[in-house]
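Taking it in order: structure first as structure tokens, then the write-up.
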Amino acid sequence: MYRRVHEAIIQSPPIHDFDVFKESKEENFFESQESIDTLCLHLQQLRPARDLSEDRRKEEFLRLLQISLWGNKCDLSLSGGESSSQKTNVINSLEGLKPFILIDDTESLWTLLSKCKKTAETSVVRVDIVLDNSGFELVTDLVFADFLLSSELATEIHFHGKTIPWFVSDVTVHDFNWTVEHVRSSNEKSTSACGAHWADHVRVGRWTYHDHTFWTLPHPYCAMPQVAPDLYAELQKACLVLFKGDLNYRKLMSDRKWEFTTPFHQALSGFHPAPLCSIRTLKAELQVGLQPGQAEQLMASDPHWLTTGKYGIFQFDGPV
Ligand SMILES: O=P(O)(O)OC[C@@]1(O)O[C@H](CO)[C@@H](O)[C@@H]1O
């Protein structure tokens, strides 16, 4: 459907490069303004993050990861394009949301990144983030990406987005640049200071944005080495690849109806470009890597647990 919309638009000059979802993506950003300001203030208060104690650094790393997870609830394709912005203070909500994290491999991420820094052959520690939604979710990803640099857990962040408007709110290069620019030009001092840092990261190449047609093709990710070897080779350069959102999870799992207890590594069907982690709220009827009996328990207490976005996972695959 999204491809058909795109086809109709590109064949209709002079609106051939019009993004029909632009307005709703921007609305999601503006409606989340208060939460964005709160988040940016928090990030600013952490600077210089390299001076934080090890414990505090870890605490903030885990906190900002959780914010990025719950940011994935703000998805316009789930709400049929209706408003799905973030209006409450997400930082204060985190404790209450913890019981809804079904798989939490964040300790492995911390261990991996701490190790990468110590053992990197060059001084480069690269983290790739395969983005999902624009609006509030993208801001949570940028906040986390900024923290990775300022806390010196990583030295480069590579973002991956869509080449065409996709699943209503998915990030395109225009959305990425628009968001950095709007955060930078905010009237709120700490928000614009964050935006200035972000613009600088882009300018000097600490943040790089990539797009590739593979992300909007129907292939499961295990087909990437054959269909898009250049993209696979790019991901292989990372110390860690984060996949945001539900659709990425479906494609990682080849959209197959796996048993709920199937190991994540097995369901990736050979897709192992680098250590990777899915950060996703559940919106589609598939999930692997659960404990025996966990799915049955969830089903009994909440028959719609797989599709409402109420539950989330951090699911990691790779050596640590
Ligand atoms: O990837 P996201 O933004 O987290 O979710 C995308 C989504 O809303 O659209 C797909 C289409 O049904 C579903 O897998 C999922 O619910």
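Brief remarks follow.
- Every Cα-Cα pair of segment 199-247 was included, and the share exceeding 17 Å stands at 46 percent.
- The protection proxy used here, the mean number of other Cβ atoms lying within 10 Å of each residue, ranks peptides 138-151, 258-271 as follows, highest first: 138-151, 258-271.
- Simple point charges give the picture: +1 on the Cβ of Lys and Arg, -1 on the Cβ of Asp and Glu, and for the chain a dipole about the Cα centre of about 460 debye.
- Once divided by 2.2 N^0.38 Å, the Cα radius of gyration of segment 223-320 becomes 1.12.
- Taking every C-alpha pair closer than 8 Å and separated by at least 6 residues, the mean separation divided by the residue count of the chain gives a relative contact order of 21 percent.
- Under the simplified labelling scheme, the R203-S123 pair shows an inter-label distance of 2.1 nm, with each label point 7 Å from Cα along Cα→Cβ.
- Computed FRET value (nearest 0.05) for Q236 with T261, which takes r as the C-beta separation and R₀ as 41 Å: 0.90
- When Rg and the Kirkwood radius Rh are both evaluated on Cα atoms of segment 246-301, their ratio Rg/Rh stands at 0.96.
- Among Q294, Q45, Q11: highest mean-square fluctuation, GNM of the chain, C-alpha pairs under 10 Å: Q11
- Spatial separation of Cα centroids for segment 279-293 and segment 228-257, in angstrom: 17
- For segment 257-320, the relative contact order comes to 48 percent (Cα pairs under 8 Å, sequence separation of at least 6).
- All aspartates and glutamates inside 15 Å of K118 as judged from Cα atoms, apart from same-chain residues fewer than 8 positions distant: E54, E152
- Per principal axis, descending, Cα span of the chain in whole Å: 55, 49, 41
- Fraction of beta bridges assigned by DSSP in the chain that are antiparallel (%, nearest 5): 25
The numbers here are math on the coordinates, done by the rules we state, and not lab data. Just so you know, these numbers come straight off a predicted model, no measurement behind them. Cβ atoms come from the backbone with ideal geometry, glycine included; neighbour counts cover every protein chain shown.
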